[in-house]
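Input: a single structure, listed below in structure tokens.
The values are calculated or read from the model by the stated rules, or taken from the named source; none is laboratory data. Given the structure is predicted, the values throughout are model-derived calculations rather than measurements. Virtual Cβ from ideal backbone geometry, glycine too; neighbours counted across all protein chains shown.
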Amino acid sequence: MIPVLDELATLLTETAADAAEGWDLAGEIPVDVLRGLGAKGVLCAEVRPEFGGLGLSGLDNGRLAAHANSLCGSLRSVMTSQGMAAWTIQRFGTRALREEYLSRLTGGALAAVAFSEADAGSDLSAMTTEVRRDGDDMIVDGVKTWITAAAYADLVVVFGRHEGGGAVAVVPVTAPGVRVEPVPSPMGCRAAGHSTVVLDSVRVPPQNVLAVPGQSLTLLTSIALTYGRLSVAWGCVGILRACLAAAAGHARTREQFGTPLARHQLVARHLTDLYAAERIATQMCEHASRAWDGRSPGLVMDAILAKYVAAGNAARGAASAVQVLASAGARDGHVVARAYRDAKLMEIIEGSTEICQLTLAEHALAVAS
Amino acid sequence: MTEPASAELTVETIEEKLQKFLESRTKQTWDPDADLFKLGVVSSLFAMELVVFVESTFGVFVEGPDLVLDNFRTVRSMSALVMRLRPGDPGA
């Protein structure tokens with residue numbers, strides 16, 4: 001790791017290693033902790049230095065996400081949201097919008113990204129949130145569900161319909177008409193601030209809306225979600241690393257039938273599978289991030305493939321880790337218990353396993369000769 | 001495979017590269033004015049691949065209001081975008 005990445009990883013370790021269990025049990029990360037990390041640029045570390053960011057490569061930013069998730073899945077989820085908000089603004093924003101908001105996102109302000117709705121989950125094209133012009137202002141109307149990090153957010157990057165196409169609105173949560181209602185007791189990533197965001201005729205200045213005639217809602221969401229998929233895939237690598245460390249540590253020291261668990265062959269197989277799962281997920285993610293950094297068109301499918309493989313591996317790997325730890329890990333807040341709950345959600349968000357499978361099948365049909 | 005955009009880039013050479021890429025990925029040929037998305041042959045995910053292909057092949061950044069689906073709708077609209085964005089363009 002290059003020094004800056006090392007330093008950032010150390011900062012995350014010092015912040016989260018001892019606190020993550022408590023955050024999970026409380027269902028909350030103290031917002032000052034998140035603001036502190038945000039002000040150091042860690043939450044969206046890929047933002048370019050010209051906008052106040054750390055300018056990490058996609059590969060290093062991914063490695064940072066993996067490290068964060070090895071400590072705390074909720075913290076990594078917040079990083080994914082912040083990074084995706086920054087990426088969306090960087091790609092689609094005007095120069096003025098980028099300068100204003102990217103500097104805020106690297107200066108301690110927190111952001112969430114709002115795609116999903118009650119009737120628009122896997123099928124984002126069914127979203128009904130509307131962004132419309134009203135005199136000199138823009139109005140945003142809709143209800144967004146399961147919005148990661150919204151409970152902490154100062155800004156919500158809202159995707160919606162606009163004049164037959166799509167648009168993105170940067171909405172301050174202090175604007176009249178915005179209500180943020182935390183999801184009670186999420187199953188996983190419990191401290192990630194998942195919330196319903198109600199936008200009741202919210203008026204925003206037109207410069208906060210990225211609306212270009214002829215824009216496609218699906219192009220907007222695809223580009224934003226590609227960042228999210230890579231970040232989630234790397235997060236799954238972190239889940240696997242935490243599980244491998246916990247399972248190996250336990251299997252080395254815990255004895256049953258007069259011999260360490262690791263010498264029991266059926267336990268050893270769990271360790272092998274976890275190790276293979278972590279290595280495969282890591283290499284898929286490295287490959288996709290290199291395509292991202294090298295601006296190779298293959299990055300789109302590589303990101304979906306990495307997310308699909310890493311999430312499945314994390315869900316199976318976390319289940320194996322709980323099995324190896326058994327009663328030692330079977331309580332809420334324990335690293336493998338958190339991993340088990342969090343990993344299942346990774347098979348759902350940023351493109352469910354089944355949506356990834358359909359997309360990859362289409363791709364295989366198109367390219368296989 | 002990235003090559004710096006240069007004065008030698010012409011509409012013809014840009015369109016040739018685009019058509020070659022499209023043919024390799026869709027197994028069909030495309031007239032410069034054909035709407036890639038109209039017939040459903042090209043998905044929105046593929047549109048993003050096109051964005052990245054245009055950026056990396058012609059050395060341009062497509063950001064802000066330029067990053068709009070209509071700019072990628074036809075081979076011709078993409079070549080026009082590249083000609084407008086390439087370094088050294090007086091309008092850039």
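Identify, please: which residue in segment A:326-362 is in contact with a Ser or Thr (Cβ under 8 Å, 6 or more places away or on another chain) and hydrophobic (A, V, I, L, M, F, W, C) and is, among those, surrounded by the most Cβ atoms within 10 Å (Cβ to Cβ)?
That would be A:I349.
Residue by residue through segment A:157-197, note down the ones that are farther than 24 Å from A:L97 by Cβ and aliphatic (A, V, I, L, M).
A:V183, A:M187, A:A191, A:A192
Here are A:A118, A:A167: which of them is more than 19 Å from the chain's Cα centre (by Cα) and farther than 30 Å from A:G55 by Cα?
Values: A:A167 fails: farther than 30 Å from A:G55 by Cα.
It is A:A118.
Given the options A:L271, A:L240, A:L199, A:L244, name the one that is outside any helix (DSSP H, G or I) and modelled with pLDDT of 95 or more.
A:L199
Of all residues in segment A:256-310, which are away from every other protein chain (no Cβ under 14 Å) and basic (K, R)?
Listed by number, the residues that qualify are A:R263, A:R269, A:R279.
Any idea how many residues of segment A:96-108 are farther than 13 Å from A:R48 by Cα and within 12 Å of another protein chain (Cβ to nearest Cβ)?
2
Please work out which one of (1) within 25 Å of A:E21 (Cβ to Cβ); (2) touching a Phe, Trp or Tyr at 6+ places or on another chain (Cβ under 6 Å); (3) without any contact (Cβ under 8 Å) to a residue 24 or more places away in the chain is the condition A:A318 fails and give its number.
Among (1) within 25 Å of A:E21 (Cβ to Cβ); (2) touching a Phe, Trp or Tyr at 6+ places or on another chain (Cβ under 6 Å); (3) without any contact (Cβ under 8 Å) to a residue 24 or more places away in the chain, A:A318 violates only (3).
Quick one: which of B:V52, B:V41 is more than 14 Å from B:A80 (Cα to Cα), in a loop (DSSP other than H, G, I, E, B) and among the hydrophobic types (A, V, I, L, M, F, W, C)?
B:V41
Determine if segment A:320-328 includes at least one residue that is closer than 17 Å to A:A281 by Cβ and among the polar types (S, T, N, Q).
First pass over segment A:320-328, keeping only residues closer than 17 Å to A:A281 by Cβ: A:320-321.
Subsequent filtering for residues that are among the polar types (S, T, N, Q) retains A:320.
Yes; the residues of segment A:320-328 include at least one that is closer than 17 Å to A:A281 by Cβ and among the polar types (S, T, N, Q).
For A:A277, which of the numbered conditions (1) assigned to a loop (DSSP other than H, G, I, E, B); (2) in contact (Cβ under 8 Å) with a residue 12 or more places away in the chain; (3) of a type in the set (G, A, S) fails to hold?
(1) is the only condition that A:A277 fails.
Evaluate segment B:45-56: report whether one residue or more is modelled with pLDDT of 95 or more and more than 8 Å from chain A (Cβ to nearest Cβ).
Yes, segment B:45-56 contains a residue that is modelled with pLDDT of 95 or more and more than 8 Å from chain A (Cβ to nearest Cβ).
Just wondering, is there one or more residues in segment B:71-78 that are in a helix (DSSP H, G or I), touching a Leu at 6+ places or on another chain (Cβ under 8 Å), of a type in the set (A, V, I, L, M) and facing chain A (nearest Cβ under 9 Å)?
Our first condition is that a residue be in a helix (DSSP H, G or I); within segment B:71-78, this holds for B:71-72, B:75-78.
The next check asks that each one be touching a Leu at 6+ places or on another chain (Cβ under 8 Å); those that pass are B:71-72, B:75, B:78.
Narrowing the set further to residues that are of a type in the set (A, V, I, L, M) leaves B:75, B:78.
Okay, now just the ones that are also facing chain A (nearest Cβ under 9 Å), so none.
Scanning segment B:71-78 turns up no residue that is in a helix (DSSP H, G or I), touching a Leu at 6+ places or on another chain (Cβ under 8 Å), of a type in the set (A, V, I, L, M) and facing chain A (nearest Cβ under 9 Å).
Looking only at segment A:205-221, decide whether some residue is at pLDDT 95 or above and over 25 Å from A:E99 (Cα atoms).
no
Kindly provide the set of residues from segment A:257-268 that are under 22 Å from A:A330 (Cβ atoms), without any contact (Cβ under 8 Å) to a residue 40 or more places away in the chain and touching a helix residue (DSSP H, G or I) at 6+ places or on another chain (Cβ under 9 Å), ordered by number.
Within segment A:257-268, A:P260, A:A262, A:H264, A:A268 qualify.
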